[in-house]
Number of protein chains: 2
Amino acid sequence: MTSAPPSGRQDTDRPQELPLVGTPPQAVHGAQETEFFLPELPRLLPSAYHPNAVEIEVRSNAWVCRHLQSCFSDEQALMSYLRQRAGLYGPAVSPLADEQRAGDIADFYQYVTVMDDAIAGAATDEQQARTALARITDGFGTDTDDTSPLIRAGADLWRRITPGLSPAQVGRFKESLASSLGGYADEVPHRHAGHILGLDDYLALRVFRFGWPFVALMTEYGAGIDMTGLHPTPAFEAANGHAVRQMILVNDLLSWRKEHARADTMNAVAVLQHTRGLGLQDAVDALCHLIEDEGRAYLAARDLILGGSLGTRPDVAAYFDAVDHLIGGTQAYHYLTPRYFGDGYAPDGSTSGWLSLTEPLARLRPHPTDPARAVR
Amino acid sequence: MTSAPPSGRQDTDRPQELPLVGTPPQAVHGAQETEFFLPELPRLLPSAYHPNAVEIEVRSNAWVCRHLQSCFSDEQALMSYLRQRAGLYGPAVSPLADEQRAGDIADFYQYVTVMDDAIAGAATDEQQARTALARITDGFGTDTDDTSPLIRAGADLWRRITPGLSPAQVGRFKESLASSLGGYADEVPHRHAGHILGLDDYLALRVFRFGWPFVALMTEYGAGIDMTGLHPTPAFEAANGHAVRQMILVNDLLSWRKEHARADTMNAVAVLQHTRGLGLQDAVDALCHLIEDEGRAYLAARDLILGGSLGTRPDVAAYFDAVDHLIGGTQAYHYLTPRYFGDGYAPDGSTSGWLSLTEPLARLRPHPTDPARAVR
């Protein structure tokens, strides 16, 4: 990585993953580090917001107020959610889609974000979580008269999005929500017990809660294409796998401040600290290298496909153009949203710097708050 | 106006403006109204954000942090300012400009907003205000080594913008800042004494503090044209006059909650309450009619020019295309910025509803907080 932090430390040592264990990372490393230096991440892929991003975000906020208001405890909670600007994630990852589809995608991502928050706040029991989530996925798209706002909002999305999908994609749409929510339920016992998985096991599980099945589908929907037949091929599995892991690792890195605050063990920072016996900064540096590795591996896997017989197909080219922007847009969005740096955060253009884990409202700063760390 | 509030009250009675008087509006109308119904304003003109609006806002925030940080009392004040999203005003009013010019315009509007806030917080003495403002306008564009951040930031803008201006426009650039800041100083004694002007006098003064000279110039800069020779013609004066008055009145309406809180008399709501003896809601309704009148008068004046001999000139057509978007974008931006509805406001898509003057964080709501007013 050209933009390694000043110490120039390298993470060449990559030990085997440890089996499932039950000790949270704080217990491993004596004095707790309360800030870290976020290196400049490589920008291997293009990022751009949709040309109508501002309008789409506002309209998507209106959709949340209309359909999902009752998912929030009160108006303050709703406004706090809107301040996170989740309505801009769709425009960040679908800059090439037409405005209507980009708006549908924005609403869909708000929908799963609201659901994610609702589950995170409620589910501590795996069976309880599975029952609640099964009700949502069973009703998804079919039950417009249900009393649950999540089910009614899901029906609205279904009505708008399915006409733009092939029959195979419609089937994937329903399954995608079930697999993502099932992935959430799978994480509950680990999270509840403070279990820390090995990196490979962790990532294999995390792919589902990240929602890759619906992320892939929304990417196709935005591009107006159907990759159903190609996803199971080894070449696509490789490219998709590197893409989703890059995005998960970026999310884990930039959301660590928030997830650390709730002692969440389902995050690559915790996984690396524990499985490699690293301190916070070393785990962050190792994670940055992994992010670069996954990004470069995605590029290689993508180029292999585009250089082969499939490379002449316009739908395949459009798919990877869209995935490029999905990866680049996801990374850019993480520097913009107040979701991870604290309510009240406003993007100041910083993409590198010292990040405090304890300040209520964090920023990326040129200097650490603890001067003793400035030697780094 | 097709979207008149439910009562259907009409504001056909337009008495003569009163001469300068010294009684603030609260004293005129017994029980003070603490909320009003904001009708849907007509959308006579197109609005669109620049296709790179999100990126431009973030880069412009970075520019503020780099150049103007010391204008804020502390980091909290800076972050509160950034949360107002003033960096999006440029993209709101220059959607047709190329990305670099739209970014220059965004930075320029942040510059004058920061200056406006600094002056509003400091100037209670007209002579003191004139001295401080003269220093800024004298140094504007020339003094890169000055210790004042406002002067150094001004030099940065000058360096970037003047290469895209004609010599005549360069002269106007410097004068525009002086006339706007002079307009601010002119308002100081009225504001300080709680004076309320007649509507025509008020608007004549307000045009300068609104910054019409630099707004017109930035509009030309965004379009890459020079209207210097045409602005003094009666036809352009008419079109420009209606355009700026429409924008001032929209700003006065949407900012009344904030300006009322500091008992600001330099606002059309206060002017209408006082000069026409109206209560708050009637003044708001009258103001909405004025906004529509000015918008329609702009359209007529513009069409007169475009239908005449100048209408074949591409630069004239480009100018009015840009002014159309300036008016439409200014109106749209007012529903988005937290500047007027309170720190923490997030746009929820509402453009009409009940607005409280007393809630720390306001929203446009479907019902008044005081049920007794629901009969309206």
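Compute the angle between helix A:149-161 and the longest alpha-carbon principal axis of chain A, please, reported from 0 to 90 degrees and rounded to the nearest 10.
70
Fully extended, how many nm does the chain gain between B:Lys258 and B:Thr369 (0.36 nm per residue separation, minus their Cα-Cα distance)?
Extra length available between B:Lys258 and B:Thr369 comes to 38.1 nm.
Under the Karplus relation 6.51 cos²θ - 1.76 cosθ + 1.60, θ = phi - 60°, what is the ordered set of whole-Hz ³J(HN,Hα) values for the stretch B:200-212, x standing for Gly and Pro?
5, 4, 4, 5, 4, 6, 5, 4, 6, 5, 4, x, 3
Which value in nm describes the separation of the simple spin-label points at B:Asp98 and B:Glu40, placed 7 Å from the Cα toward the beta carbon?
My value for the distance between the label points is 4.0 nm.
All other residues with a Cβ under 11 Å from the Cβ of B:Asn251 taken together, and with Lys, Arg as +1 and Asp, Glu as -1, what is their net charge?
So the surrounding residues net to +3.
Counting only the heavy atoms of the protein chains, how much of A:Ser73 is accessible to a 1.4 Å probe, in Å² to the nearest 10?
Around 110 Å² of this residue is reachable by solvent.
Once the Cα atoms of helix B:126-139 and of chain B are each reduced to a long axis, what angle between those two axes, in degrees from 0 to 90 to the nearest 10, is obtained?
30
Copy-to-copy spacing for B:Thr358, label 7 Å out on the Cα-to-C-beta vector, in nm, shortest first?
Nearest first, the other copies' label points are 4.1 nm away.
Mind checking the dipole of the stretch A:176-311: about its Cα centre, +1 per Lys or Arg Cβ, -1 per Asp or Glu Cβ, Debye to the nearest 20?
The dipole magnitude comes to about 280 debye.
Between helix B:53-68 and chain B, what is the angle of the helix's C-alpha long axis to the longest principal axis, kept within 0 to 90° and rounded to the nearest 10?
70
I'd like the accessible area for A:Lys258, computed on protein heavy atoms only with a 1.4 Å probe and all protein chains in place. Round to 10 Å², please.
The value for A:Lys258 is about 60 Å².
So if I take the centroid of the Cα atoms in the stretch B:97-115 and the same for the stretch B:222-269, what is the distance between those two points in Å?
Their Cα centres are 18 Å away from one another.
Which of rounded, prolate or oblate describes the stretch A:337-376 when judged by the alpha-carbon gyration tensor and an a/c cut-off of 1.5?
Oblate, because a/c is 1.5 or more while a/b does not exceed b/c.
How much mean residue ellipticity at 222 nm does chain B get from its helices, if each DSSP H run of length 4 or more adds -39500 (n - 2.57) and you divide by all residues, to the nearest 500 deg cm²/dmol?
For chain B, the value works out to -20000 deg cm²/dmol.
How far, in nm to one decimal, is B:Arg160 from itself in the other copies if the label point is set 7 angstrom along Cα toward Cβ? Shortest first, please.
For B:Arg160, the other copies' label points sit at 3.5 nm, shortest first.
When all C-alpha to C-alpha distances in chain B are sorted into bins of 10 Å, what percent of pairs does each bin hold, rounded to whole numbers?
Histogramming chain B at 10 Å steps yields 5, 23, 34, 27, 10, 1, 0 percent.
Just which residue of chain A brings its Cβ nearest the axis of rotation onto chain B, and by how many angstrom, rounded whole?
A:Pro51, 2
Assuming a ≥ b ≥ c are the square roots of the Cα gyration tensor eigenvalues, decide whether the stretch B:36-121 counts as rounded (a/c under 1.5), prolate (otherwise, with a/b larger than b/c) or oblate.
In terms of gyration-tensor shape, oblate.
HN-Hα J couplings of the stretch B:238-255 from phi, Karplus 6.51/-1.76/1.60, θ = phi - 60°, integer Hz, Gly and Pro as x?
With the stated coefficients, the stretch B:238-255 comes to 5, 4, 4, x, 5, 4, 5, 5, 4, 5, 4, 5, 4, 4, 4, 5, 6, 9 Hz.
Rounded to whole Hz and in sequence order, give me ³J(HN,Hα) for the stretch A:286-294 from the Karplus expression 6.51 cos²θ - 1.76 cosθ + 1.60, θ = phi - 60°, writing x for Gly and Pro.
Rounded to whole hertz, the list is 4, 5, 4, 5, 4, 4, 5, 4, 5.
Quick one: putting +1 on the C-beta of Lys and Arg, -1 on the C-beta of Asp and Glu, what dipole do you get for the stretch B:237-376 around its Cα centre, in Debye to the nearest 20?
Magnitude of the dipole: close to 300 debye.
Can you tell me the FRET efficiency between B:Ala300 and B:Arg159 if r is taken as the Cβ-Cβ distance and R0 is 60 Å, rounded to the nearest 0.05?
Step by step, r from the Cβ atoms, then E = 0.90.
For the protein assembly as shown, what is the convex hull volume of its Cα atoms per residue in Å³?
Taking only Cα atoms, the protein assembly as shown has a hull volume of 185 Å³ per residue.
Let's see if you can work this out: charge +1 on each Lys and Arg Cβ, -1 on each Asp and Glu Cβ, no other charges. What is the dipole magnitude of chain B about its Cα centre, in debye to the nearest 20?
Result for chain B is approximately 300 debye, rounded to the nearest 20.
Starting from the amide H of A:Arg85, placed 1.01 Å from N in the peptide plane, find each other amide H under 5 Å away whose residue is 5 or more places distant or on another chain.
For A:Arg85, no residues qualify.
Shortest first, in nm, what separates the label point of A:Leu304 from those of the same position in the other copies (7 Å along Cα→Cβ)?
Label-point distances to the other copies, shortest first: 7.1 nm.
Using +1 at the C-beta of Lys and Arg and -1 at the C-beta of Asp and Glu, which of A:Ala48, A:Gln110, A:Leu299 has the Cα lying farthest in the positive direction of the dipole of chain A?
Positive-most Cα among the choices belongs to A:Ala48.
When a/c reaches 1.5 or more, the comparison of a/b and b/c decides; with that in mind, is the stretch B:131-272 rounded, prolate or oblate per its Cα gyration tensor?
Note, shape of the stretch B:131-272 comes out oblate.
The values are calculated or read from the model by the stated rules, or taken from the named source; none is laboratory data. Quick caveat: nothing in here was measured; it's all calculated off a predicted structure. Cβ coordinates were reconstructed from backbone atoms using ideal geometry, including for glycine residues, and neighbour counts include every protein chain displayed. Side chains included, ligands, DNA and RNA excluded: accessible areas come from the protein's heavy atoms. Shrake-Rupley method; radii C 1.70, N 1.55, O 1.52, S 1.80 Å.
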